[in-house]
Every structure is written in structure tokens, then in C-alpha cells.
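Trainee: The structure under discussion is supplied below as C-alpha cells; questions concerning it will follow.
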Amino acid sequence: MDIVIYHNPACGTSRNTLALIRHAGIEPHVIEYLKTPPVRELVRQLIARMGIAVREVLREKGTPYAELGLGDPALTDDDLLDAIEVHPILLNRPIVVAPSGVKLCRPSEAVLDLLPTEGLKPFVKEDGEVVIDESGHRVRR
């Protein structure tokens with residue numbers, strides 16, 4: 001299965017998502033999007049494939065979101081994409097691209113919607129939260 005993850009290794013959610021993909025027996029293409037930012041048109045396509053608004057992929061915490069005034073509702077999608085292009089840290093992560101779809105995987109276990117989950121062994125996130133229990137079932141919160 002061909003999977004791509006737009007990843008930030010400094011982010012626990014992103015690390016857990018990557019670990020879940022690997023736990024499913026898949027070695028994804030890992031793109032550290034802060035080192036290799038996706039081009040504007042690709043960001044637009046990913047957002048469209050996720051079926052969400054550009055605003056929904058904006059990250060506020062630890063970014064120049066407030067300083068740039070990105071909360072202004074008058075800003076257009078193009079304005080927001082301009083900001084993401086200049087400041088890739090504004091792009092929320094991780095974004096996972098799979099044959100079954102594209103998803104912003106927050107929380108990390110959302111990636112399971114894109115993966116084959118038959119026969120998975122137990123999985124616990126970095127913080128100790130159980131995601132897949134002893135019987136191989138996804139734990140829903």
C-alpha cells in the first residue's frame with residue numbers, strides 16, 4: 001500500500017500517526033514538510049481531497065497565526081494559502097495520503113480510517129493511551 005505522511009518529527013501526534021502506519025505493516029513515504037514544504041497547488045489539492053476548508057488546516061499554536069492576523073474572516077482561501085506557502089509551520093499535521101483517501105490525522109488514531117486494520121496487535125501511544133486493545137479492536141473515545 002502506497003502511503004504518504006506529511007510529518008513533523010517534533011510533533012507527538014505526527015510521531016504517533018507514523019508509528020500507527022508502521023504498526024499496520026506499512027512503510028510510508030515520509031515527507032518532513034518543514035524541510036520540504038509542499039507547493040501551494042499540492043496544498044490546495046490535499047485540502048480539496050480532504051473535503052475541508054483551508055481554515056481547517058491552519059495551525060495556531062506555535063506559529064505566526066496571530067501575528068499575521070489569520071483569524072480575520074475577511075481573508076480568502078488564497079490569502080491563507082499565501083501564508084502557508086511563506087510559513088509552512090501553519091499547515092497542521094500530520095496529513096496522510098492513502099489509496100482510500102486523504103486525512104488530517106488529529107487525533108493520531110484517525111489514520112486507522114485509512115489503513116487495513118484486520119489482525120492488528122495492541123498499540124499504545126507515546127502518552128500511554130491505548131488505541132488498539134488486546135483483542136485487536138480500535139478503542140474509540
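Trainee: Given the criteria more than 16 Å from the chain's Cα centre (by Cα) and either modelled with pLDDT under 95 or not β-branched (Val, Ile, Thr) (or both), does Gly51 qualify?
Mentor: Numbers: more than 16 Å from the chain's Cα centre (by Cα): no; either modelled with pLDDT under 95 or not β-branched (Val, Ile, Thr) (or both): yes.
Against the criterion (more than 16 Å from the chain's Cα centre (by Cα) and either modelled with pLDDT under 95 or not β-branched (Val, Ile, Thr) (or both)), Gly51 does not qualify.
Trainee: Next question, about the same structure. For the list (1) open to solvent by less than 20 Å² (accessible area, probe 1.4 Å); (2) part of a helix (DSSP H, G or I), I need the number of the one condition that Glu85 fails.
Mentor: (1)
Trainee: Let me ask another. Just give me the residues in region 5-34 being farther than 23 Å from Asp127 by Cβ, under 14 Å from the mean Cα position of the chain (by Cα) and surrounded by fewer than 16 Cβ atoms within 10 Å (Cβ to Cβ), in sequence order.
Mentor: Answer for region 5-34, where residues must be farther than 23 Å from Asp127 by Cβ, under 14 Å from the mean Cα position of the chain (by Cα) and surrounded by fewer than 16 Cβ atoms within 10 Å (Cβ to Cβ): just His29.
Trainee: If I go through region 115-141 residue by residue, how many of them are of a type outside the set (Asp, Glu), free of Cβ contacts under 8 Å to residues at least 40 places away in the same chain and assigned to a loop (DSSP other than H, G, I, E, B)?
Mentor: Residues in region 115-141 being of a type outside the set (Asp, Glu), free of Cβ contacts under 8 Å to residues at least 40 places away in the same chain and assigned to a loop (DSSP other than H, G, I, E, B): 9 in total.
Trainee: Look at Arg140 and say whether it is at pLDDT below 95 and either open to solvent by 80 Å² or more (accessible area, probe 1.4 Å) or over 24 Å from Val4 (Cα atoms) (or both). Steps first, please.
Mentor: Details: at pLDDT below 95: yes; either open to solvent by 80 Å² or more (accessible area, probe 1.4 Å) or over 24 Å from Val4 (Cα atoms) (or both): yes.
When the stated conditions are applied, Arg140 passes them.
Trainee: Does region 123-141 hold any residues that are basic (Lys, Arg) and out of contact with any helix residue (DSSP H, G or I) (no Cβ under 8 Å at 6 or more places or on another chain), and which are they? Write out each step before concluding.
Mentor: Looking only at region 123-141, we keep the residues that are basic (Lys, Arg), and these are 125, 138, 140-141.
Answer for region 123-141, where residues must be basic (Lys, Arg) and out of contact with any helix residue (DSSP H, G or I) (no Cβ under 8 Å at 6 or more places or on another chain): Arg140, Arg141.
Trainee: Of the residues that sit in region 52-67 and are part of a helix (DSSP H, G or I) and open to solvent by 70 Å² or more (accessible area, probe 1.4 Å), which one is nearest to Arg15 (Cα to Cα)? Spell out how you get there, then give the answer.
Mentor: Here is the first cut: in region 52-67, the ones part of a helix (DSSP H, G or I) are 54-57.
Of the ones still in play, those that are also open to solvent by 70 Å² or more (accessible area, probe 1.4 Å) are 55-56.
Numbers: Arg55: 23, Glu56: 21 Å.
Among them, the one singled out is Glu56.
Trainee: Determine if region 35-51 includes at least one residue that is out of contact with any Lys or Arg (no Cβ under 7 Å at 6 or more places or on another chain), in a loop (DSSP other than H, G, I, E, B), in contact (Cβ under 8 Å) with a residue 12 or more places away in the chain and open to solvent by less than 30 Å² (accessible area, probe 1.4 Å).
Mentor: For region 35-51, residues out of contact with any Lys or Arg (no Cβ under 7 Å at 6 or more places or on another chain), in a loop (DSSP other than H, G, I, E, B), in contact (Cβ under 8 Å) with a residue 12 or more places away in the chain and open to solvent by less than 30 Å² (accessible area, probe 1.4 Å): present.
Trainee: Okay, moving on. Looking at Ala98 and the list (1) open to solvent by less than 20 Å² (accessible area, probe 1.4 Å); (2) over 24 Å from Met1 (Cβ atoms); (3) of a type outside the set (Phe, Trp, Tyr), which single condition is not satisfied?
Mentor: Ala98 satisfies every listed condition except (2).
Trainee: Go through Leu112, Leu75, Leu70, Leu80 for me and flag whichever is in a loop (DSSP other than H, G, I, E, B) and buried (at least 19 other Cβ atoms within 10 Å of the Cβ).
Mentor: Leu70
Trainee: For region 81-94, check the following and say yes or no: at least one residue is of a type in the set (A, V, I, L, M), under 30 Å from Pro116 (Cβ atoms) and under 17 Å from the mean Cα position of the chain (by Cα). It would help to see each step written out before you state the result.
Mentor: Step one: filter region 81-94 for residues of a type in the set (A, V, I, L, M), giving 81, 83-84, 86, 89-91.
Cutting the leftovers down to under 30 Å from Pro116 (Cβ atoms) gives us 91.
Next cut, under 17 Å from the mean Cα position of the chain (by Cα) only: 91.
Yes, some residue in region 81-94 is of a type in the set (A, V, I, L, M), under 30 Å from Pro116 (Cβ atoms) and under 17 Å from the mean Cα position of the chain (by Cα).
The values are calculated or read from the model by the stated rules, or taken from the named source; none is laboratory data. Since we're looking at a predicted model, the values are computed, not measured. Methodologically, a virtual Cβ is constructed for each residue, glycine included, from the backbone with ideal geometry; neighbour enumeration extends over all protein chains shown. All accessible areas refer to the heavy atoms of the entire protein, side chains included, with ligands and DNA or RNA removed. Shrake-Rupley method; radii C 1.70, N 1.55, O 1.52, S 1.80 Å.
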